[in-house]
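Visitor: My questions will all concern the structure given below.
The values are calculated or read from the model by the stated rules, or taken from the named source; none is laboratory data. Every value quoted in this text rests on a predicted model; they were computed, and no experiment measured them. Here the Cβ positions follow ideal geometry from the backbone for every residue, glycine too, while neighbour counts run over all protein chains shown.
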Amino acid sequence: MKTYQSDNWTVNLPDAWDEEHDEDGVTLFNPQGNGTLEISTLEQEDVVDDGFLEYMAVEHLEAGAEPEEIECGDFEGLVFDYADETHYWREWYLRADNLMLYITYHCPLDAEGGEDDEVDAILETLQLS
């Protein structure tokens with residue numbers, strides 16, 4: 001197990017997973033896997049509340065999507081899952097204190113669910129730093 005540390009949060013990764021980061025966030029992936037997990041951080045002056053998460057997820061909510069409420073380590077929020085013509089998607093809108101994490105996971109449609117347990121285990125280790 002290894003740890004990725006941003007300026008505001010940390011997450012544990014299986015040894016097989018790699019990371020790439022830039023000014024937009026971090027991309028986590030298993031080179032032998034099918035999907036990509038991307039995490040972007042939004043830091044607010046005030047505490048992030050449920051209303052802000054709903055504002056950020058308004059496109060899904062207005063389309064009638066039913067989010068699942070979720071806890072991921074120190075963070076809590078909403079997760080959506082859906083498929084388009086070619087990809088399976090999961091999107092998280094998470095908050096803790098004055099941070100919001102926008103997280104996406106996507107893989108080819110024929111690999112749907114193949115890495116879900118591993119991705120869930122990674123996100124359960126999210127901690128404020």
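Visitor: So Asp117 passes all but one of these: (1) surrounded by fewer than 12 Cβ atoms within 10 Å (Cβ to Cβ); (2) over 23 Å from Pro14 (Cα atoms). Which condition number does it fail?
Guide: So Asp117 meets the others, but not (2).
Visitor: Same structure again: Has region 98-111 got at least one residue that is in contact with a helix residue (DSSP H, G or I) (Cβ under 6 Å, 6 or more places away or on another chain) and closer than 22 Å to Leu128 by Cβ?
Guide: yes
Visitor: For region 19-47, which positions are part of a loop (DSSP other than H, G, I, E, B) and not acidic (Asp, Glu)?
Guide: Listed by number, the residues that qualify are Asn30, Pro31, Gln32, Gly33, Asn34, Gly35, Gln44, Val47.
Visitor: Residue by residue through region 66-96, note down the ones that are surrounded by 15 or more Cβ atoms within 10 Å (Cβ to Cβ) and small (Gly, Ala, Ser).
Guide: Those that are surrounded by 15 or more Cβ atoms within 10 Å (Cβ to Cβ) and small (Gly, Ala, Ser): Gly73, Gly77, Ala96.
Visitor: Over 11 Å from Ala96 (Cα atoms), within 13 Å of the chain's Cα centre (by Cα) and not β-branched (Val, Ile, Thr): which single residue out of Glu45, Glu38 fits that description?
Guide: The conditions single out Glu38.
Visitor: Test Tyr102 against the stated conditions and say whether it is modelled with pLDDT of 95 or more, surrounded by fewer than 20 Cβ atoms within 10 Å (Cβ to Cβ) and within 25 Å of Ala63 (Cα to Cα).
Guide: yes
Visitor: Kindly indicate whether any position in region 34-43 is farther than 26 Å from Asp7 by Cα and in contact with a helix residue (DSSP H, G or I) (Cβ under 8 Å, 6 or more places away or on another chain).
Guide: yes
Visitor: Of Cys107, Cys72, which residue is under 22 Å from Lys2 (Cα atoms) and either touching a strand residue (DSSP E or B) at 6+ places or on another chain (Cβ under 7 Å) or among the aliphatic types (A, V, I, L, M) (or both)?
Guide: Checking each option against the conditions leaves just Cys72.
Visitor: When region 32-65 is examined, which residues are found to be out of contact with any strand residue (DSSP E or B) (no Cβ under 7 Å at 6 or more places or on another chain), within 27 Å of Trp17 (Cβ to Cβ) and surrounded by fewer than 15 Cβ atoms within 10 Å (Cβ to Cβ)?
Guide: Within region 32-65, just Gln32 meets the criteria.
Visitor: In addition: Please state which of the following conditions Asp15 fails to meet, knowing it meets all the rest: (1) in contact with a Lys or Arg (Cβ under 8 Å, 6 or more places away or on another chain); (2) surrounded by 12 or more Cβ atoms within 10 Å (Cβ to Cβ); (3) among the charged types (D, E, K, R).
Guide: Only one criterion in (1) in contact with a Lys or Arg (Cβ under 8 Å, 6 or more places away or on another chain); (2) surrounded by 12 or more Cβ atoms within 10 Å (Cβ to Cβ); (3) among the charged types (D, E, K, R) is unmet by Asp15, namely (2).
Visitor: Identify all residues within region 7-18 that are under 14 Å from the mean Cα position of the chain (by Cα) and either more than 14 Å from Gly35 (Cβ to Cβ) or outside any strand (DSSP E or B) (or both); write none if there are none.
Guide: Trp9, Thr10, Val11, Asn12
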